[in-house]
Amino acid sequence: MIRKNSLKYSLLLMSIIVLNSCVKNQKKEMKIDVEKSEVLITNFKEQFRPQFHFTPQEKWMNDPNGLVYHKGIYHLFYQYYPDDIVWGPMHWGHATSEDLISWNHKPIALFPDEHGLIFSGSAVVDKENSSGFGTKENPPLVAIFTYHLMEGEKAGRKDFQTQGIAYSLDNGDTWTKYEGNPVIGNENIKDFRDPKVFWHHETNQWIMLLVAGDHAKIYSSSDLKSWKYVSDFGKDKGAHGGVWECPDLFKLKVEGTEEEKWVLLISINPGAPNGGSGTQYFVGDFDGETFISEHDEEKWIDYGTDNYAGVTYNNTPNNERIFIGWMSNWNYARDTPTKTWRSAMTLPRELTLHKKKKAYFLKNYPIPAFDKQLEEIDNMSQRNMKTITLDSLDFNQTNISFELSLRENFELQLKNTKNEVVKFQVDAAKNELRLDRRQSGLVDFEKSFGATVHKQSYEPQNELVEVRIIIDQSSIEIFVDKGRYVFTDQIFPTENYKTLLINSDETEAIKDFKIKSVNTIW
Ligand code: FRU
């Protein structure tokens, strides 16, 4: 009896000690930001943790949602599962920023309810209070999202996705769901989701796009509550290797002209050019009812495999078109080797529209505000650039840029002492750009991750073009010709890359080579 008790006692003592040291450790990890009265539950120093890309403090994240600017604040909502680092019952997580570079983590904005889980969608500022949820003096933020009813899906029904709305009168801090939800029911369409809403000035009404499996559907409304179906787009256009997701539609001026065109983004999974999930786009016209595409060939915003479900901000201050994508791919999103959180967003990128030889194309390139994170560490513009080897720097948080002729073969490698290497190549004979992450670090957590070299073809040109490479611990983003050709890829080196090797066929082919380090945002 006595022995039993003393055993119990020592067990109790041990657990108190263990508990205490856990609490102590946790305390070390916990910073309380008094100003924002927010508890940070990580120091953002875990292995692979991005230092200047948005990540949730912990747990699973996928698509960006509800991108909207209001009263000096950029909101980023996102698909969030707060209980695990794999996909699960979806909520809308929330973060805010004044510059789209530094972020404040906010409490969860939208929780599942009797109509279902909260899937992807958008948010608008209802300036005229058309919904009646606020006043003209204090216009509501209105979120429009998909409800996903698990019970319906499990029962083998097709009508388990509907559209709902919620509003906030305190700039996104608290949300009230509309009592008349769902605002669009389901007429037996299995994949029926991801509403993007915007104000169409030309016809003075709200427009919603959503996807229905292999096409987009367009609706209009005067009050955000009652919606009228107006048209379909896309059954016979673009890529159809997988289900259509996360549409977006907006107008852009063709750079250097007064011409205006409408651009439609459609994410698709699977069926992207280098495997799995990717985002295609169409350039055309929209009259408030119908979207008509100019072209038949497929167009993609990114040939890396980690830029998915990207959409753009509503209501930006100078009408810039700012895009954020989810930096992952459904092929392996659930398997990547991070432990306390999963996934990051791409850098915010400005979308611009260009026209050459009658063909339109989009560029996507980091917003200028990102440059304030950069610090010059080595400006090598004066050196002979045919071959360079740098062994003294740490490349896991850097911005490398240079001017390059795409008429010559070229290769850039980033390496560590374990022979892990990521390569960017120009094959001038094939007019092909390549990103090779097959030996970049951990790759075998899923079979497709390190299986292939990612490729895209380019149009040869006489002028030098800028190549900009941004590395942040577990990602590499490559922008060629200011975002005409882009690769966004995750990488998981087990040791920092410390060697940079460059090789080109021609001395004059590389100019203005700069390496900058990128400051952390956390
Ligand atoms: C895209 C997507 C959306 C859906 C959400 C669910 O990645 O599949 O279509 O709304 O993720 O989390």
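For Tyr332, state whether it is crowded, with 24+ Cβ neighbours inside 10 Å and either away from the ligand (no atom under 13 Å from the Cβ) or touching a residue at least 60 places away in the same chain (Cβ under 8 Å) (or both). So Tyr332 fails the test. Condition check: away from the ligand (no atom under 16 Å from the Cβ) and open to solvent by 10 Å² or more (accessible area, probe 1.4 Å). Does Trp300 satisfy that? Yes; evaluated as a whole, the condition is true for this residue.
Which one is nearest to the ligand (Cβ to nearest atom), of the residues in segment 97-120 that are closer than 30 Å to Gln373 by Cβ and open to solvent by less than 10 Å² (accessible area, probe 1.4 Å)? Top of the filtered list is Ser120. Going by the structure shown, is Gly185 small (Gly, Ala, Ser) and out of contact with any strand residue (DSSP E or B) (no Cβ under 7 Å at 6 or more places or on another chain)? No; evaluated as a whole, the condition is false for this residue. Candidates in segment 257-280 are the residues that are part of a loop (DSSP other than H, G, I, E, B) and open to solvent by 20 Å² or more (accessible area, probe 1.4 Å); of these, the one that is nearest to His454 (Cα to Cα) is Asn274. Residue check: is Asp236 open to solvent by 20 Å² or more (accessible area, probe 1.4 Å), away from the ligand (no atom under 16 Å from the Cβ), part of a loop (DSSP other than H, G, I, E, B) and closer than 30 Å to Thr452 by Cα? Against the criterion (open to solvent by 20 Å² or more (accessible area, probe 1.4 Å), away from the ligand (no atom under 16 Å from the Cβ), part of a loop (DSSP other than H, G, I, E, B) and closer than 30 Å to Thr452 by Cα), Asp236 qualifies. Of the strands (runs of 3 or more DSSP E) entirely within segment 123-224, those holding at least 3 residues that are surrounded by 15 or more Cβ atoms within 10 Å (Cβ to Cβ) and within 16 Å of the ligand (Cβ to nearest atom) occupy 141-148, 161-168, 193-200, 205-211. Only one of the numbered conditions (1) crowded, with 17+ Cβ neighbours inside 10 Å; (2) away from the ligand (no atom under 16 Å from the Cβ) is not met by Tyr308, and that is (2).
Regarding Tyr365, is this residue in a loop (DSSP other than H, G, I, E, B), under 30 Å from Val443 (Cβ atoms) and either in contact (Cβ under 8 Å) with a residue 24 or more places away in the chain or of a type in the set (A, V, I, L, M, F, W, C) (or both)? Taking the combined requirement at face value, the residue does not satisfy it. Within segment 447-465, restricting attention to residues that are open to solvent by less than 40 Å² (accessible area, probe 1.4 Å) and over 23 Å from the mean Cα position of the chain (by Cα), which residue is modelled with the lowest pLDDT? Out of the qualifying residues, it is Gln461.
The values are calculated or read from the model by the stated rules, or taken from the named source; none is laboratory data. Because the structure is a prediction, the values reported are computed rather than measured. Virtual Cβ from ideal backbone geometry, glycine too; neighbours counted across all protein chains shown. Heavy atoms of the whole protein, side chains included, go into the accessibility calculation; ligands, DNA and RNA do not. Shrake-Rupley method; radii C 1.70, N 1.55, O 1.52, S 1.80 Å.
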